[in-house]
Amino acid sequence: MFQKHSSKEKKMRMLKVVFVLIHLLAAAVLANPLSKNDFPPHFLFGASSSAYQVEDAANEDGRKPSIWDTFVHAAGNGAVSLCIYNLISAISKIHRGDKDIGCDQYHKYKEDVKLMVKMGLDAYRFSISWSRLVPDGKGPINPKGLQYYNNLINELISQGIQPHITLHHLDLPQALEDEYGGWLRRRVVKDFTAYADVCFREFGDRVKYWTTVNEGNLFAFGGYESGLLPPQRCSPSSIPNCSRGNSSTEPYLVAHHILLAHASAARLYRKKYQDKQHGFIGLNLLTFGFVPLTKTSDDINATQRAQDFYTGWFLNPLIFGEYPGIMKKNAGSRLPVFTKRESNLVKGSMDFLGINFYYTFLVKNNPDSLRSEDRSFTADMAAELEYLTGNGSSTYEHPITPWILKEILASLKKDYGNFPVYIHENGQQTQRNSSLDDRPRVKYLCKYIGSLLDILRDGVNLRGYFVWSFLDMFEVLNGYESSYGLYFIDLKDPALRRQSKLSSVWYSNFLNNGNIPKVTIMDIEKNASVLSNTVTA
């Protein structure tokens, strides 16, 4: 005899089933014997986001557009023809009136901080929207923007969560781009330093960790060599994404100005604020795993060139005061030269390095590119890169290669010294859907966090690990098609409720030093079957 239930009762019972299953799965999937107690007391665990991806309220309270706003909306109007896979889907933001809605942390920051506390985060890494705080890039401060960031910082501090702030995350104010070309001109160094001064002055009494620029290397070649990122510049003759730009010179100019801007802001901080505020200032880079395609000397040398071009491009000046020799040789006069004063300013200007890690590439020697008529940053490298695809069931998933991360950190220590390092971003990409059972992400986090102890035992000066990302949000390359979040947000839900995924339960269990029961996958499937039958009966 089957008992009848109303649709509301069935829905409530189903929600209970989902809740139970999530906790069973969190206990069983790849049960991890590690806990936070296994790490040094000072080691930080957190989660990350960026202003444009999580705040929304794009046109509210005095905020003006950044180059990221312009990039997204221009592409949505059909300006981009052959961008990276499904970039057009990245423009499919949810529109309500004149607002771009995704996470709406601008209005829901208190709710989000409560979730961070419940999860057990030590720190939250976020960025400040330059065009929200200083809408024209220079000049008057926006009081509403100032109030928002003070409120967010105060809420984090009051709950025992460290704010780690990034000053620039792909979002230069559009006003500066329009006025003089933004990062292409040395004038940006002065304007960035003045903006940093505002942030240090207004927030530095509570903020101890400052990152000047997120993924400076990716921004330079992604925004100015391939045109896949804002402000979408590249040589129109070689890459059809762009209608303006020069892939041969602009990436080098932009990187040069980023380094000078970082060094100028660091000098200001150390001279004016550090003694009083006792904070630290660093830079963030996207790091890649590079593996030679074959064991030949040609591919091994090409792998070293790739490392020099993508990582040494920034770290050599920051540690030694000059660009790598192979870059000077292959790029020639297109690579800017530091004056002696600039070299001394840049050298030693970071207190820590932030790294983001997702991708590994197989590297093949390609000397023919040096004879190409359309020389570019990529051609100068003289190497072909083949992306190492994921090993999961989804084409979205990144491969799980913690040994590659370990090798990267060991190489940084060997080549540049044992300075403090924070892993600012690391996380698993999955297709965005309403399923809260994100086992691939749990597996990914389990493997990478499990590798951190080995990295620490090797003597690497690793200080913290941040999961990307705290919430499902607007991703730069494919919008809302993919997700990295620990929490799901249904964009059709007017309340934008944060829904806990399996990964958030797992991470919370780890952070709160919970003991994970020994439940097998068979037990889960058995319980799932029983509970499912109960609901449908």
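Annotations
- Extreme residue, farthest from residue 46 (Cα to Cα), among residues of region 408-419 that are crowded, with 16+ Cβ neighbours inside 10 Å and not aliphatic (A, V, I, L, M): 416
- No other residue among 182, 245 is crowded, with 24+ Cβ neighbours inside 10 Å and on the phi > 0 side of the Ramachandran plot apart from 182.
- Looking only at region 200-239, and only at residues there that are free of Cβ contacts under 8 Å to residues at least 60 places away in the same chain and of a type in the set (Lys, Arg), the one that is surrounded by the fewest Cβ atoms within 10 Å (Cβ to Cβ): 206
- Pairs linking a residue in region 323-349 that is over 25 Å from residue 282 (Cβ atoms) and among the small types (Gly, Ala, Ser) to a residue that is loosely packed, with under 11 Cβ neighbours inside 10 Å and at pLDDT below 95, with Cβ atoms under 7 Å and 6 or more positions apart or on different chains, do not occur.
- Residue match in region 458-479 (condition: out of contact with any Ser or Thr (no Cβ under 7 Å at 6 or more places or on another chain), assigned to a helix (DSSP H, G or I) and on the phi < 0 side of the Ramachandran plot): no
- Considering (1) within 20 Å of residue 286 (Cα to Cα); (2) surrounded by fewer than 14 Cβ atoms within 10 Å (Cβ to Cβ), the lone condition that residue 380 does not fulfil carries the number (2).
- Hey, residue 489 within 22 Å of residue 357 (Cα to Cα), out of contact with any Gly (no Cβ under 6 Å at 6 or more places or on another chain), aliphatic (A, V, I, L, M) and surrounded by 20 or more Cβ atoms within 10 Å (Cβ to Cβ) or not: no
- Strands (runs of 3 or more DSSP E) wholly inside region 14-113 that include at least 3 residues being closer than 26 Å to residue 160 by Cα, at pLDDT below 75 and among the aliphatic types (A, V, I, L, M): none
- Conditions (1) within 22 Å of residue 122 (Cα to Cα); (2) touching a strand residue (DSSP E or B) at 6+ places or on another chain (Cβ under 7 Å); (3) not hydrophobic (A, V, I, L, M, F, W, C): number failed by residue 173: (1)
- Residue check, residue 222 more than 21 Å from residue 463 (Cβ to Cβ) and under 20 Å from the mean Cα position of the chain (by Cα): yes
- Filtered residue count, region 314-366, keeping only those that are in a helix (DSSP H, G or I) and among the polar types (S, T, N, Q): 5
- Contact map, region 296-309: first residue modelled with pLDDT of 95 or more, second residue aromatic (Phe, Trp, Tyr) and part of a helix (DSSP H, G or I), Cβ cut-off under 9 Å, separation 6 or more or different chains; pairs are 309/221; 309/377.
- The single residue among 472, 438, 490, 458 that is acidic (Asp, Glu), farther than 27 Å from residue 218 by Cβ and touching a residue at least 40 places away in the same chain (Cβ under 8 Å) turns out to be 490.
The values are calculated or read from the model by the stated rules, or taken from the named source; none is laboratory data. These numbers were taken from a predicted model, which means no experiment stands behind them. Note that we place each Cβ from the backbone using ideal geometry, even for glycine, and neighbour counts take in every protein chain shown.
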